[in-house]
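The values are calculated or read from the model by the stated rules, or taken from the named source; none is laboratory data. Only a predicted model underlies this, so the values are computations on that prediction, with no experimental measurement involved. Note that we place each Cβ from the backbone using ideal geometry, even for glycine, and neighbour counts take in every protein chain shown.
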Amino acid sequence: MPFFIACMLSGKTVVPIELIDIEEDGSHLIIKAKINNKSARLLIDTGASRSVFDKERILSFVHESTFSDHDKFSTGLGTDSMPTSIAVIKTFKIGEMTIKDFEIVLLDLSHVNGSYQKMGLLPIDGVLGNDVMVDHKAVVDYGKLELKLRACKW
């Protein structure tokens, strides 16, 4: 079946969002995904240019031997710059949408998960960024607490 027709048939996927309170005046958006058929928790970050995953927590999903050094540094997430690695996820599934052989950036997200732990929140495995959200025409529906994605990139 040609790619275009397959995309038309696959349509959209809708994923529930968990809204978690951060201290007294803020909130974060969390979704569930699957990495290589294992459940993962991801923070939605519309300001992140790329999706990133915690370099320690990713070991539950992929083998460290698949990591390679990345010559770029990452900025954001409360840091000036930090070294990064890259890896490939064989299957990355959000709702009914599956991305095969997804190249990911690995960072130390322990400062994020440390803050979550102090607030009694569950840790995250990664951050869903604009590389996925723009490619898949994401819509965050705050009223319904849903993330809507097109199954195919256009």
Legend entry - Residue in the range 123-154 that is nearest to the chain's Cα centre (by Cα), counting only those that are closer than 24 Å to Glu23 by Cβ, surrounded by fewer than 19 Cβ atoms within 10 Å (Cβ to Cβ) and not aliphatic (A, V, I, L, M): Pro123
Inset, instruction - Determine whether Ser39 is among the polar types (S, T, N, Q), modelled with pLDDT of 95 or more and within 25 Å of Glu146 (Cβ to Cβ). - result: yes
Inset, instruction - Sort out which residues of the range 99-122 are in contact (Cβ under 8 Å) with a residue 40 or more places away in the chain, surrounded by fewer than 15 Cβ atoms within 10 Å (Cβ to Cβ) and either assigned to a loop (DSSP other than H, G, I, E, B) or of a type in the set (Val, Ile, Thr) (or both), and write them in order of number. - result: Met119, Leu122
Legend entry - Residue tally, condition in a strand (DSSP E or B) and in contact with a Phe, Trp or Tyr (Cβ under 6 Å, 6 or more places away or on another chain), over the range 12-52: 2
Inset, instruction - Sort through Lys93, Lys118 and tell me the only one that's modelled with pLDDT of 90 or more and either over 13 Å from the mean Cα position of the chain (by Cα) or not charged (D, E, K, R) (or both). - result: Lys118
